[in-house]
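Visitor: One structure, pasted below without further comment.
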Amino acid sequence: MKAAVVTDFGKPLEIQDLPVPVPGPGQVQVRMAASGLCHNDIHAARGDWPVKPRPPFVTGHEGVGPVTAVGAGVSSDLLGRRVAIPWLGSSCGTCKHCVSGREPLCEQQVNSGYSVDGCHAEYAVADAGAVVRVPDGVTSFDAAPLTCAGLTAYKAVKVAQVVPAEHVAVFGAGGVGHLAVQYARLVGGFVTAVDVEPDKLGLAHRLGADEVVNARTHDPVEEIRKAGGADVAVVLATAPRAFEQAYRSLSRGGRLVLVGLPADAAMNIPIFETVLGGITVIGSIVGTRQDLSEVFALHAAGRTQVVAESRRLDQVNESFEEVLAGRAEARLVLEFSTQV
Ligand code: ZN
Ligand code: ZN
């Protein structure tokens, strides 16, 4: 099978011919129909984060397709069913985070396309307990970006506990942001989208953002504060500056939700303003299997729209460049037609 392989950090990925992976005990083998490209794949391929993957490895954690084989102990009922392979490849199932339905916090977790081979390949294997069924009403093409971008955006809005008529600022209106705008709207928020790319702001507006701010030409803090300040600011951008701006755009009692993961970044939070303003700072990392099922259910019911463009596996390096240059309007999805 063909797979996009990171051979060394910072080098272009190589399209290699690898043996089709065989599912081990408790695993399923999935033939990829669609596999999304997430900014975090680029961080993985560059070794940007403190805990690094070990090359060679296959990137990708938005893989969708039918189950083509099952390992020992897995029900054959799964064969032929479409599933999504998310970032959380497996978790221990017994720690306090796992048993309380917060498995993305598990310290024993394995991550698809990071600590194990991922989905930028014609086939992938995954833990049968970690994959999520894709309902018939959701195409594989749409399901792929929902598996990380959708899940991440949904969870960020959920942990912020947005209630109707609250003002929600979404910093970063691209792949994750275009979905965050929709989830914030779904729960009744007034949404301001902030970005530096006019195309992405246009997209956010089309998808229901009430206001848009181009941070290249206007100060988002001033614009948002002029309108009363944000009750919730969700930061999906990877520019460290956006985090400070999001903090300063909050009104008293505001919640700052950190989602984007810039390389080697820290943020300075003023203690005085945080205490007096009753500000809450929340880190939000992907979501659970239950969250992903909810994301799929909302999409199947026609409540969300996925904006994505199709690419081939052998375009993975140019696709990375498109994402880095901000040229992709929202999400890129590798589609597979070959059957190996
Ligand atoms: Zn991702
Ligand atoms: Zn655990």
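The values are calculated or read from the model by the stated rules, or taken from the named source; none is laboratory data. Everything quoted here is computed from the prediction, not taken from an experiment. Every residue, glycine as well, gets a Cβ built from its backbone with ideal geometry; the counts of neighbours run over all protein chains shown. Surface accessibility is based on the protein's heavy atoms, side chains included, excluding ligands, DNA and RNA. Shrake-Rupley method; radii C 1.70, N 1.55, O 1.52, S 1.80 Å.
Visitor: Compute the separation of the alpha-carbon centres of segment 188-215 and segment 235-257 and state it in Å as a whole number.
Guide: 16
Visitor: How many Å² of accessible area per residue for the chain, probe 1.4 Å?
Guide: On the way: 14730 Å² over 340 residues.
Ligands and nucleic acids excluded, the result is 43 Å² per residue.
Visitor: Starting at 0 and stepping by 10 Å, how many percent of the alpha carbon pairs of segment 85-184 end up in each bin?
Guide: In whole percents, the pair-distance histogram is 14, 37, 36, 12, 1.
Visitor: Looking only at the chain, where both bridge partners belong to it, what percent of the DSSP beta bridges are antiparallel (to the nearest 5)?
Guide: Numbers: 29 of 56 bridges.
Roughly 50 percent of the DSSP beta bridges within the chain come out antiparallel.
Visitor: Between residue 216 and residue 325, how many nm apart are label points set 7 Å from Cα along the C-beta direction?
Guide: Using points 7 Å along Cα→Cβ, the separation is 1.4 nm.
Visitor: On the full set of protein chains, 1.4 Å probe, figure out the accessible area of residue 226 and give it in Å² to the nearest 10.
Guide: Only protein atoms counted, so the area is about 150 Å².
Visitor: Another question, if that's okay. With all protein chains present, how much of the accessible area of the chain (probe radius 1.4 Å) comes from carbon and sulfur, to the nearest whole percent?
Guide: Details: 7530 of 14730 Å².
Solvent-exposed carbon and sulfur of the chain make up 51 percent of the total.
Visitor: Another one. At a Förster distance of 41 Å, what's the computed FRET efficiency of residue 335 paired with residue 274, Cβ-Cβ distance as r, to 0.05?
Guide: Working: r = 45 Å, r/R0 = 1.11.
Plugging the Cβ-Cβ distance into 1/(1 + (r/R0)^6) gives 0.35.
Visitor: Using label points projected 7 Å from each Cα along Cα→Cβ, tell me how many nm separate residue 281 and residue 199, to one decimal.
Guide: My value for the distance between the label points is 3.4 nm.
Visitor: Compare the Cα positions of 33, 120, 208 along the charge dipole of the chain (+1 at Cβ of Lys, Arg; -1 at Cβ of Asp, Glu; about the Cα centre) and return the one farthest towards the positive end.
Guide: Of 33, 120, 208, it is 208.
Visitor: Let me ask something additional. Provide the FRET efficiency to the nearest 0.05 for the residue 105-residue 266 pair, computing r from the beta carbons and using R0 = 25 Å. Show your work: numbers first, answer last.
Guide: Values: r = 21 Å, r/R0 = 0.84.
About 0.75, to the nearest 0.05.
Visitor: Around residue 5, which amide H atoms from residues at least 5 apart in sequence, or from another chain, sit under 5 Å from its own amide H, with H modelled in the peptide plane?
Guide: Those qualifying (amide H under 5 Å, at least 5 residues apart or on another chain) are 14, 15, 16.
Visitor: Any aspartates and glutamates with Cα under 20 Å of the residue 158 Cα? List them, leaving off those in the same chain fewer than 8 positions away.
Guide: Straight-line reach from residue 158, under 20 Å: 103, 166, 210, 231, 291, 294.
Visitor: For residue 226, go through the lysines and keep the ones whose alpha-carbon is under 22 Å away, minus same-chain ones fewer than eight residues off.
Guide: Within the straight-line cut-off, residue 226 pairs with nothing.
Visitor: So for the pair residue 51, residue 301, with labels modelled 7 Å out along Cα→Cβ, what separation do we get in nm?
Guide: 3.4
Visitor: Given the chain, report the % of alpha carbon pairs whose separation exceeds 35 Å. Show your work: numbers first, answer last.
Guide: On the way: 11103 of 57630 pairs.
Cα-Cα pairs of the chain separated by over 35 Å account for 19 percent.
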